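Working notes, beginning with the structure itself.
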């Protein structure tokens, strides 16, 4: 397996060096049995910083239970595909954000981490890991300790108003605990 990763790394190095004549700095990393190419170009670093600032605004909005600030980050052509194949559109995600803001009692911790980033024109494709601990009123009417986590692909589009979330899919590494016990919503 190690030899296979080294061969893949060598092939990627050759492909990148021959396909891209510009002087860009690339970093290769073996992670979970995969070879990952990380773009360290100035443009990608700049986009990462912009998106990290957007994610910090999202965290602040959730902690303040400010659904409208969350909605402001979503593109009107938003869509999401859930693991069960169900799709959500803009109106559905707006309703979901507003309900969530009403149900949250307090936020213990919320983090959003960019695990990978690819920039294509005015779009950024991000693998974002979210970890969210909170107290929340659930359907049973009672307040519970809720802990969720997910790694998902997000597509962000740059607009004149800033970065907007356009698409979410490929949800994986999901965790959902209610009062410390696994929960299937």
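The values are calculated or read from the model by the stated rules, or taken from the named source; none is laboratory data. Being a predicted model, the structure only gives us computed values, none of them experimental. FYI the Cβ positions are ideal-geometry reconstructions off the backbone, even for glycines, and counts take in every protein chain you see.
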Given the structure, is residue 137 surrounded by fewer than 17 Cβ atoms within 10 Å (Cβ to Cβ), modelled with pLDDT of 95 or more, touching a helix residue (DSSP H, G or I) at 6+ places or on another chain (Cβ under 8 Å) and more than 15 Å from residue 58 (Cα to Cα)? yes
Confirm whether residue 153 is surrounded by 16 or more Cβ atoms within 10 Å (Cβ to Cβ) and without any contact (Cβ under 8 Å) to a residue 40 or more places away in the chain. yes
Expected single match for in a loop (DSSP other than H, G, I, E, B) and loosely packed, with under 14 Cβ neighbours inside 10 Å among 76, 83 is 83
Residues 65, 60: which one is at pLDDT 50 or above, in contact with a strand residue (DSSP E or B) (Cβ under 8 Å, 6 or more places away or on another chain) and surrounded by 11 or more Cβ atoms within 10 Å (Cβ to Cβ)? 65
Residue ID - surrounded by the most Cβ atoms within 10 Å (Cβ to Cβ), chosen from residues in segment 102-125 that are farther than 22 Å from residue 52 by Cα and without any contact (Cβ under 8 Å) to a residue 40 or more places away in the chain: 103
